[in-house]
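Undergrad: Could you have a look at this structure, given as structure tokens, before my questions?
The values are calculated or read from the model by the stated rules, or taken from the named source; none is laboratory data. Since the structure is predicted, the reported quantities are computational estimates derived from the model, not experimental observations. With ideal geometry, Cβ positions are generated from the backbone for all residues, glycine too; neighbour counts draw on all protein chains shown.
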Amino acid sequence: MTQEPKIYNFMGIRKIAIALSVLAILASIVSLAVNGLKLGLDFTGGTQIEVGFDKPADLNVIRSVLANEGLESPVAVLFGSDSDVLIRTQGSMQDGAVLHIDDELAKLGENVSVKAVEKAPGDKEGYAQQLIVSNITPERLQQTEIFTNSQYGNILFEASDADTAVIVQRTLDNIYTQYLLSRLSSESNSTAELRRSEFVGPQIGEELRDQGGLAVICALLGVMLYVAVRFQWKFSVGAVVGLIHDVIIVLGIFSIFQLDFDLTVLAAVLAVIGYSINDTIVVFDRVRDNFRILRKSPAEEVINYSLTQTLERTILTSLTTLLTLFMLYIFGGELIGGFALALIIGIVVGTYSTVYIATGMLMSLHISKEDLMPPVKEGEGAEFEQMP
């Protein structure tokens, strides 16, 4: 006597699961509205430099130097090897130089400070930038030691209304980067060498953010269209609701815990959409087939049977993928940590949403075998009735 396979009653607790999901989504939306995302350099703009040391780099010392310099949200991570460090800060190296200059100018008077940093006038060939220093005359500024350092190259002092224009030969970005390298070298007892430096402007960062959001929306619309054509519109709604659920919760967790959100994390969110819909399509395909086989069974029984049939495949696929991602998160370094973490969260949430959100929506939309029956062409029914 063959024993009937055990069928798990997934849909029996779907209301509880949906209630938990609603709470998680509300918490995520509130956090996103109040705290927002902690956007990384890719979206906010800023400076990124790669520094090579002749000894293994001490990240604690490097981070301490960066914090003392007053740079905005500085980050230092190993890059490629234990002697290569990637330094990122929201803002430019120029900001650090202006902070140093302002500290010195404050000694000359309470209202003396750098008012603006501009490109050098066109008639000053060979000069890079000009600083507008407020509330001081060129004569008095020339008598101080602030701009006597040769690091600025040649310097011109010109009156500008009540202020003074200080025109320098070298850019503040270049000057401060060299200063920072010397600080890192002295503090770490190692020679620091600049490998690469790049600046991402705020406008470029804003474009990347907008294009990233558009990519997520286009992916959801593409999935909705595909599932509607491949299956039926109720399946399409279930799939997209599940994917929106996954995206909001992943973003919400990054917002609640204020984890860095950069382009790698955005790529992980898009990958989560792909992974989750793949799992959902497998379940939906089995649901469709079982509706045609189990014609007299109610929808809840058909869906529970389909989920039970695909359960082993779902668990094994998720576990093997998570195992790889955990190794990547632990040993992959800080640069790829956000990507791995977003995928870990997304796969866990995506597996859950396939079972309780996407298929739960089918129950809420009252899916039935009639929804999956192909339309009968005119005349076909009469032909079948005349057959013996």
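Undergrad: Just need a number here: residues in region 318-334 that are under 17 Å from LEU78 (Cβ atoms) and crowded, with 16+ Cβ neighbours inside 10 Å.
TA: The first filter runs over region 318-334 and keeps only residues under 17 Å from LEU78 (Cβ atoms), leaving 328-334.
Among the residues that remain, those that are also crowded, with 16+ Cβ neighbours inside 10 Å are: 328-329.
Total satisfying the criteria: 2.
Undergrad: Say whether the condition of being outside any helix (DSSP H, G or I) and either in the same structural domain as CYS218 (by TED's automatic domain parsing) or among the small types (Gly, Ala, Ser) (or both) is met by at least one residue in region 276-288.
TA: Scanning region 276-288 turns up no residue that is outside any helix (DSSP H, G or I) and either in the same structural domain as CYS218 (by TED's automatic domain parsing) or among the small types (Gly, Ala, Ser) (or both).
Undergrad: Further, regarding this structure: Since VAL112 meets every condition but one in (1) in a strand (DSSP E or B); (2) touching a Leu at 6+ places or on another chain (Cβ under 6 Å), which condition does it not meet?
TA: Unmet condition: (1).
Undergrad: Quick test for you: out of GLY46, GLY80, GLY52, pick the one residue that is modelled with pLDDT under 85 and over 29 Å from GLU206 (Cβ atoms).
TA: GLY80
Undergrad: For region 64-87, name all the residues that are in a strand (DSSP E or B) and touching a residue at least 12 places away in the same chain (Cβ under 8 Å).
TA: Residues satisfying the conditions are VAL75, ALA76, VAL77, LEU78, PHE79, ASP82, SER83, ASP84, VAL85, LEU86, ILE87.
Undergrad: Taking the options VAL272, VAL265, name whichever one is buried (at least 21 other Cβ atoms within 10 Å of the Cβ), out of contact with any strand residue (DSSP E or B) (no Cβ under 8 Å at 6 or more places or on another chain) and over 19 Å from GLY222 (Cβ atoms).
TA: After applying the criteria, what remains is VAL265.
Undergrad: When MET224 is evaluated against the numbered criteria (1) more than 30 Å from ASP262 (Cβ to Cβ); (2) aliphatic (A, V, I, L, M); (3) free of Cβ contacts under 8 Å to residues at least 60 places away in the same chain, which criterion, by number, is the only one it fails?
TA: It fails just one condition, (1).
So that you can scan it fast, the table gives a plain yes or no per residue for (1) of a type outside the set (Asp, Glu); (2) crowded, with 16+ Cβ neighbours inside 10 Å; (3) touching a Pro at 6+ places or on another chain (Cβ under 9 Å); (4) in contact (Cβ under 8 Å) with a residue 40 or more places away in the chain:
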residue	(1), (2), (3), (4)
LEU32	yes, yes, no, yes
LEU37	yes, yes, no, yes
GLY40	yes, yes, no, yes
GLY45	yes, yes, yes, yes
GLN48	yes, yes, no, yes
ASP54	no, no, no, yes
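Undergrad: Now for a different question. Hey, THR280 hits all of (1) of a type outside the set (A, V, I, L, M, F, W, C); (2) surrounded by fewer than 21 Cβ atoms within 10 Å (Cβ to Cβ); (3) within 30 Å of ILE29 (Cβ to Cβ) but one; which does it fall short on?
TA: (2)
Rundown of residues vs (1) closer than 26 Å to ASN60 by Cα; (2) buried (at least 17 other Cβ atoms within 10 Å of the Cβ), yes/no style:
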| residue | (1), (2) |
| --- | --- |
| GLN129 | no, yes |
| SER134 | no, yes |
| THR144 | no, no |
| VAL168 | no, yes |
| TYR176 | yes, yes |
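Undergrad: Could you list all residues from region 295-317 that are exposed (fewer than 15 other Cβ atoms within 10 Å of the Cβ) and either without any contact (Cβ under 8 Å) to a residue 40 or more places away in the chain or assigned to a helix (DSSP H, G or I) (or both)?
TA: LYS296, PRO298, LEU311, GLU312, ARG313, ILE315, LEU316
Undergrad: Something else: Examine region 234-244 for a residue that is free of Cβ contacts under 8 Å to residues at least 12 places away in the same chain, within 21 Å of SER368 (Cα to Cα) and not charged (D, E, K, R), and state whether such a residue exists.
TA: Checking region 234-244: not a single residue is free of Cβ contacts under 8 Å to residues at least 12 places away in the same chain, within 21 Å of SER368 (Cα to Cα) and not charged (D, E, K, R).
Undergrad: Filter region 30-53 for residues that are in a strand (DSSP E or B) and either over 18 Å from GLY80 (Cβ atoms) or touching a helix residue (DSSP H, G or I) at 6+ places or on another chain (Cβ under 9 Å) (or both) and give the result.
TA: LYS38, LEU39, GLY46, THR47, GLN48, ILE49, VAL51, PHE53
Undergrad: While we're looking at this one, here's another question. Which of (1) under 23 Å from LEU266 (Cα atoms); (2) over 24 Å from the mean Cα position of the chain (by Cα) is the odd one out, the single condition PHE53 does not satisfy?
TA: So the condition that PHE53 fails would be (1).
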